[in-house]
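Working notes, beginning with the structure itself.
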Amino acid sequence: MNLRELSSLLFLVGLGLLLGAILKILPSGEIFSSVGPIILDRASSEVGTANIVSSVLLAYRGLDTLGELTVLFVAATAAGLVLGQRPSDAQHDPDAGFILRSAADLLFPFLIILGIYIILHGHLTPGGGFQGGAILAAAFFVPILASPASPFDHKVSSLIEGLAGAAFIIIGLIALSGDGDFLTPLFGPGEAGQFFSAGSLPLLYLAVGLKVGAELAGLLARLHETEASE
């Protein structure tokens with residue numbers, strides 16, 4: 001078993017254990033009609049986020065976010081299985097030309113920086129892991145369109161995807177094992193509006209961004225390779 005398969009297996013095993021543990025403690029049949037106003041009133045002091053949406057996605061309803069990551073993981077995996085491996089004798093697309101290749105190379109580091117910035121500032125401003133992850137995926141897909149010699153590597157992408165998903169679950173389990181709820185922010189809320197605030201939420205957004213970016217980039221690359229081989 002290689003590192004890529006091991007990281008994916010780690011994510012799936014961790015997800016299964018987590019769901020089993022949570023189903024035992026979650027109450028059922030209770031309806032709370034005033035959740036929204038309570039979150040708006042308490043999120044800043046309890047979680048420490050200037051962006052209230054982030055506190056909902058990663059703290060109060062973090063389990064839903066894990067479900068979204070799982071759906072994306074299953075969709076990307078299924079698409080990869082359907083598309084299969086690129087034939088060894090498949091012809092690569094020709095180079096798009098000097099201008100487009102140079103523009104793609106120039107955009108690559110700026111898109112990486114922008115994606116990381118949006119991920120790391122998701123607890124302060126609109127944005128976060130899903131939006132930043134999509135930009136990271138675009139950073140690797142644009143060079144693929146411009147030149148066959150792109151910086152994307154499927155093995156590295158799969159490894160990052162599995163480790164990021166496992167990190168998200170591990171952070172949640174650490175909070176759960178410390179007499180808290182799943183994904184309860186660790187390290188204290190800090191001062192809302194400051195970069196080092198919201199406890200472990202920036203780490204969760206980093207995990208989300210890396211996982212989303214790796215999955216989308218891998219899926220787009222696989223689609224491109226399939227079209228090129230036809």
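Rule-based calculations on the coordinates, nothing more; no lab input. Since this is a predicted model, take the numbers as computed values, not measurements. Methodologically, a virtual Cβ is constructed for each residue, glycine included, from the backbone with ideal geometry; neighbour enumeration extends over all protein chains shown.
Between residue 100 and residue 68, what is 0.36 nm times their sequence separation minus the Cα-Cα distance? Round to one decimal in nm. Working shown, then result.
On the way: separation 32, 0.36 × 32 = 11.52 nm, distance 3.48 nm.
Result for the pair: 8.0 nm of gain on full extension.
For residue 40 and residue 223 in the same chain, what is the full-extension length gain: residue separation times 0.36 nm, less their Cα-Cα distance, in nm?
Details: separation 183, 0.36 × 183 = 65.88 nm, distance 4.18 nm.
Stretched out fully, the residue 40 to residue 223 stretch lengthens by 61.7 nm.
Which of rounded, prolate or oblate describes region 102-230 when judged by the alpha-carbon gyration tensor and an a/c cut-off of 1.5?
Details: a/c = 3.75, a/b = 1.84, b/c = 2.04.
It comes out oblate by the Cα gyration axes.
Do you know the relative contact order of region 102-230, to the nearest whole percent, from alpha carbon pairs under 8 angstrom that are 6+ apart?
Details: 180 pairs, mean separation 41.6, N = 129.
RCO, region 102-230: 32 percent.
I need the peptides 157-164, 213-220, 124-131, 185-192 ranked by packing, meaning the mean over residues of other C-beta atoms within 10 angstrom, with the highest value on top.
Values: 157-164: 22.4, 213-220: 24.1, 124-131: 20.4, 185-192: 16.9.
With the highest mean Cβ count within 10 Å placed first, the list reads 213-220, 157-164, 124-131, 185-192.
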